[in-house]
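To start, the structure itself, in structure tokens.
The values are calculated or read from the model by the stated rules, or taken from the named source; none is laboratory data. Predicted, not measured: the structure shown is a model, and the values here were computed from it. Here Cβ is always computed from backbone atoms with ideal geometry, including for glycine, and neighbour counts include all displayed protein chains. Ligands, DNA and RNA are excluded from the accessible area calculation, which covers all protein heavy atoms including side chains. Shrake-Rupley method; radii C 1.70, N 1.55, O 1.52, S 1.80 Å.
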Amino acid sequence: MLVLNCSTKLLILEKMLKSYFPESLKVYGAVMNMNRGNPFQKEVVVDSWPDFKAVITRRQKEAETDSLDHYSNAYAVFYKDVRAYQRLLEEHNVINWDQVLQIQGLQSELHDVSKAVANSKQLGVKLTSFKAVQFFPHPLLTDTSSLKGSAPRLTYLSVADADLLNRTWSRGGNEQCLRYITKLISCFPSVCVRDDKGNPVSWSLTDQFATMCHGYTLPEHRRKGYSTLVALTLARKLQSRGFPCQGNVLDDNTASISLLKNLQAEFLPCRFHRLILTPAAFSG
């Protein structure tokens with residue numbers, strides 16, 4: 001096991017990962033953020049260098065502050081050889097198994113291998129699987145004059161909006177998520193439509209893996225074209241900074257799937273898998 005601390009090696013890794021799209025997208029996004037200031041205090045573990053067979057991004061040890069915070073205690077995985085990934089999982093000090101954590105990636109064996117190792121350490125495993133999406137926004141964004149309702153103000157999210165996002169996110173409603181969203185808003189691109197009183201009515205933001213997430217419009221403001229405007233604008237922001245425009249959507253989220261199809265998004269052949277792992281000490 002090697003920790004890549006050298007900035008030159010991390011830049012090389014970023015370029016190498018592009019050759020393995022789309023399966024490497026989550027790790028690639030995390031490494032891009034590391035190479036651009038590393039606001040989430042991440043680091044990279046590989047089985048070998050430069051001829052790696054498995055890569056894991058994780059939080060630096062000194063950044064781990066809350067053992068219940070699976071939002072921040074997050075690992076992204078890409079492997080060329082699943083056996084190399086399993087060996088990394090089994091190696092001492094690669095994963096902090098004493099905290100609630102998440103492991104995510106875009107490869108089919110990820111669940112079975114991760115679950116087998118986690119079960120051997122008495123951790124519970126909850127899997128959620130999504131359609132993985134990538135799209136390339138049209139150069140002409142939606143004209144706000146064509147939107148229904150009063151003229152919106154297109155801007156970005158503020159940390160003052162974090163409580164609203166925590167309450168409306170299907171994954172939220174807790175202290176750890178509130179802290180996580182606040183950090184995302186502070187560190188990464190976001191887009192927000194505000195009403196004439198300055199209140200957010202539609203938004204999306206970017207996570208630590210450079211994934212577009214928590215796209216949401218308040219129920220009373222739906223069917224006005226806001227979601228399309230927000231998604232395209234955020235995608236353009238990411239594209240202008242050299243990031244891939246990627247996202248995930250649950251199979252039963254028909255509204256978001258319809259929106260993505262209208263945006264001519266590409267539904268990738270691989271699926272996005274997120275595992276939440278909980279030690280027995282926290283499972284009560």
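What aspartates and glutamates could a cross-link reach from K237, if we take a straight Cα to Cα line under 18 Å and drop same-chain neighbours fewer than 8 places away?
Leaving aside aspartates and glutamates fewer than 8 places away in the same chain, those within reach of K237 are D143, D207.
Once a ≥ b ≥ c are taken as the square roots of the eigenvalues of the Cα gyration tensor of the range 171-277, is the result rounded (a/c under 1.5), prolate (a/b larger than b/c) or oblate (a/b not larger than b/c)? Walk me through the numbers before you get to the answer.
Values: a/c = 1.29, a/b = 1.07, b/c = 1.21.
Rounded, since a/c falls under 1.5.
Which residue, chosen from G29, N5, Q60, occupies the Cα position most advanced towards the positive end of the dipole of the range 1-98, where the dipole is computed from +1 (Lys, Arg) and -1 (Asp, Glu) charges on Cβ about the Cα centre?
Value: G29.
Any idea what the dipole of the range 37-79 comes to, in debye rounded to 20, about its Cα centre with Lys/Arg Cβ at +1 and Asp/Glu Cβ at -1?
Working: 5 positive and 7 negative charges, 20 e Å.
It comes to approximately 100 debye.
Per residue, how large is the accessible surface of the chain? Use a 1.4 angstrom probe and give square angstrom. Let's see the in-between values first.
Numbers: 13060 Å² over 284 residues.
Accessible area per residue, the chain: 46 Å².
Placing +1 on the Cβ of each Lys and Arg and -1 on the Cβ of each Asp and Glu in the chain, which of A235, A84, W97 has its Cα farthest towards the positive end of the resulting dipole?
Selected residue: A235.
Could you bin all the Cα-Cα distances of the range 42-189 into 10 Å bins starting at 0 and give me the percent of pairs in each, rounded to whole numbers?
Bin by bin from 0 Å, the calculated values are 9, 30, 32, 19, 9, 2.
Given the range 197-243, what whole percent of its Cα pairs are spread farther than 15 Å? Don't skip to the answer; put the middle values down first.
Numbers: 491 of 1081 pairs.
Value for the range 197-243: 45 percent of Cα pairs lie more than 15 Å apart.
Quick one: putting +1 on the C-beta of Lys and Arg, -1 on the C-beta of Asp and Glu, what dipole do you get for the chain around its Cα centre, in Debye to the nearest 20?
Working: 34 positive and 26 negative charges, 124 e Å.
For the chain, the charge dipole is close to 600 debye.
Can you give me the long-range amide H partners of G124? Hydrogens built in the peptide plane at 1.01 Å from N, cutoff under 5 Å, separation of 5 or more residues or another chain.
T278, A280
Among DSSP bridges having both ends in the chain, what percentage is antiparallel? Round to the nearest 5.
Details: 44 of 49 bridges.
DSSP beta bridges in the chain are roughly 90 percent antiparallel.
Taking a cut-off of 22 Å, what percent of all Cα-Cα pairs in the range 9-128 are separated by more than that?
On the way: 2086 of 7140 pairs.
More than 22 Å apart: 29 percent of the Cα pairs in the range 9-128.
Return the calculated 222 nm mean residue ellipticity for the chain, to the nearest 500 deg cm²/dmol, obtained by summing -39500 (n - 2.57) across DSSP H runs with n ≥ 4 and dividing by the residue count.
Working: 8 runs with 85 residues, N = 284.
Counting only the DSSP helices, I get -9000 deg cm²/dmol.
Kirkwood Rh over alpha-carbon pairs of the range 163-228, then Stokes-Einstein at 37 °C and 0.692 mPa s: what D in µm² s⁻¹, rounded to an integer? Before the final figure, lay out the partial values.
Values: Rh = 12.3 Å.
The calculation lands on 266 µm²/s.
List the trypsin sites (Lys or Arg not before Pro) within the range 209-284 that DSSP assigns to loop and that have no more than 15 neighbouring Cβ atoms inside 10 Å.
Numbers: sites: R222, R223, K224, R236, K237, R241, K261, R271, R274; in loops: R222, R223, K224, R241.
Hits after loop and neighbour filter: R222, R223, R241.
Can you tell me how the range 1-55 classifies by the Cα gyration tensor, rounded, prolate or oblate, using a/c under 1.5 as the rounded cut?
Values: a/c = 1.60, a/b = 1.10, b/c = 1.46.
Oblate, since a/c reaches 1.5 and b/c is not below a/b.
Given a Förster radius of 25 Å and the C-beta distance between N253 and F136 as r, what FRET efficiency does 1/(1 + (r/R0)^6) yield to the nearest 0.05?
Values: r = 21 Å, r/R0 = 0.85.
The pair N253/F136 has a calculated efficiency of 0.70.
Once both axes come from the Cα atoms, what is the angle between helix 7-17 and the longest principal axis of the chain, in degrees from 0 to 90, rounded to 10?
70 degrees
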